[in-house]
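Here is the structure we will look at, set down as structure tokens.
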Amino acid sequence: MATDKALSLSAQKVQDTLKGLGLACEVVELPGSTRTAVEAAEAIGCRVEQIAKSLVFKGKKSGRPILVIAGGSNRVNEKRLRDLIAEAVKKGDADFVREQTGFAIGGVPPVGHATKLEIFIDEDLFRYEEIWAAAGTPHAVFRLTPSELSMMTGGRVVTVT
């Protein structure tokens, strides 16, 4: 799946972050879109459940950014998230997501963000030996293990559904 082409600026930023963390994960840019979990799974050739999708929420009162890395087929239960952070949340809009992460919706990776985010990881991702995450653009992804995801993000593993 690797390509010989140079990575785009955003994808290279993710690759550099991964390397800086001591991880051998390789960012690849694909010709097809990986903006949604379904598109990503089709482009990669894996199950939708193996896609680690990054969803940014915003505390309704505090405005603080919350990143939930959920399995591709799972829908985040906002009431459960509210209980975890003791504050109601709403999905971040495109401007908020870019401001907080440095990346556009559809390409938000689990690492390399513009600001520090509180991170929660869907426990369902740990059902798989390998998973795939966005890498800075709607065409870039990288393969990793759930343990690597946990280590690189410091995220709390929880039930998100």
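Readers should treat all values here as calculations from the given coordinates under stated rules, not as data from a laboratory. Fair warning: this is a prediction, and the values are worked out from it, not measured in the lab. All Cβ positions, even for glycine, are placed from backbone atoms using ideal geometry, and neighbour counts span all protein chains on display.
Side notes on the structure shown:
- Flagged links, alpha-carbon separation over 24 Å, of Lys19/Lys91; Lys13/Lys61; Lys13/Lys53; Lys53/Lys79; Lys19/Lys60: Lys19/Lys91; Lys13/Lys61; Lys19/Lys60
- Cα centroid separation, the range 99-125 to the range 4-28: 15 Å.
- Beta bridges by DSSP in the chain, antiparallel share as percent, to the nearest 5: 65 percent
- Electrostatic bookkeeping for Glu49 treats Lys and Arg as +1 and Asp and Glu as -1; over the other residues with beta carbon under 9 Å from its beta carbon, the sum is +1.
- Inter-probe distance in nm under a simple model that places probes 7 Å from Cα toward Cβ, at Ala114 and Lys61: 2.7 nm
- Point-charge dipole on Cβ atoms (K/R +1, D/E -1) for the range 29-158, about Cα centre, debye to 20: 560 debye
- Here Val48, Val158, Val97, Val14 are placed in order of increasing Cβ neighbour count within 10 Å, fewest first, which gives Val158, Val48, Val97, Val14.
- R0 of 45 Å, Cβ-Cβ distance Asn77-Leu9: FRET efficiency to nearest 0.05: 0.80
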